1. Semi-axes, largest first, in whole Å: what does sqrt of 5 times each Cα gyration tensor eigenvalue give for the range 173-232?
2. What is the sum of charges, Lys and Arg at +1 and Asp and Glu at -1, for the other residues whose Cβ falls under 10 Å from the Cβ of Pro190?
3. What accessible area per residue, rounded to a whole number of Å², is obtained for the range 190-232 using a probe radius of 1.4 Å?
Amino acid sequence: MAALLRDRAPVWLQTRCGLEPRALAALTVVLLLAAGLAGGYFWTGRPEPVRAPELVRAAAPMPAAPATKPEPGKAPVPGAGASGARVVVDIGGKVRRPGVLTLPAGSRVADALRAAGGAEPGADLTGVNRARVLFDGEQVLVGVPGMPAGGAGPGGGSGPGGAGSGGTGVPLSLNTATAEQLDGLPGVGPVLAQHIVDHRTEHGGFRSVGELREVNGIGERRFADLEPLVRP
């Protein structure tokens, strides 16, 4: 092996180095090893392609809850009925579809009219407070001669002697009575009757007889006289 390396080494290397053949062979082997190590170092240090990370896909949006379809004869009211409460009212008179309706709590007379198909052509809506909040069990009559606009309240009658006619057989409805009917109550004059009507319009109706104390001009004594004669 050493002889082979010596024979293949350039002549100038053999003459200038003045090395023994054995030393020259060892030097050649060292150089070859160094070249091999250098090549291996550069081979391992070469740049390698890096795989890009996979893109993170955006999560699909949650499907919206299906909207519940309103039942026939029910008119949804924005912001009302969130707790599932309902009111049952009887709407009649000059409307397209009179009958008993179940509406969300907080509905108003306008919602009942809309659920009943609207008023008939030519129906007189003068005096109908369409912004009034409905109460469970009340009756709404539209355009019926001899009846106060808006109908009768819960449990009230609409015939003779009832709250709508100002009779004494049934307590007078604070929510549907006219100022003239309220004027007929004991201790209530035209001014106080108008105060009751104004309070009713401002607060959307009476929810209880006790709210009558909030009307200007009604003290405890007058309230005690009126309490058995009226209802919401």
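The values are calculated or read from the model by the stated rules, or taken from the named source; none is laboratory data. Please read these numbers as outputs of a predicted model, since none were measured by experiment. Positions of Cβ are generated from backbone atoms using ideal geometry, with glycine treated the same way; all protein chains shown enter the neighbour counts. Note: accessible area is taken over every heavy atom of the protein model, side chains too, but ligands, DNA and RNA are not part of it. Shrake-Rupley method; radii C 1.70, N 1.55, O 1.52, S 1.80 Å.
1. Largest first, the range 173-232 gives 14, 13, 11 Å.
2. Counting the neighbours of Pro190, the net charge comes to -2.
3. 57
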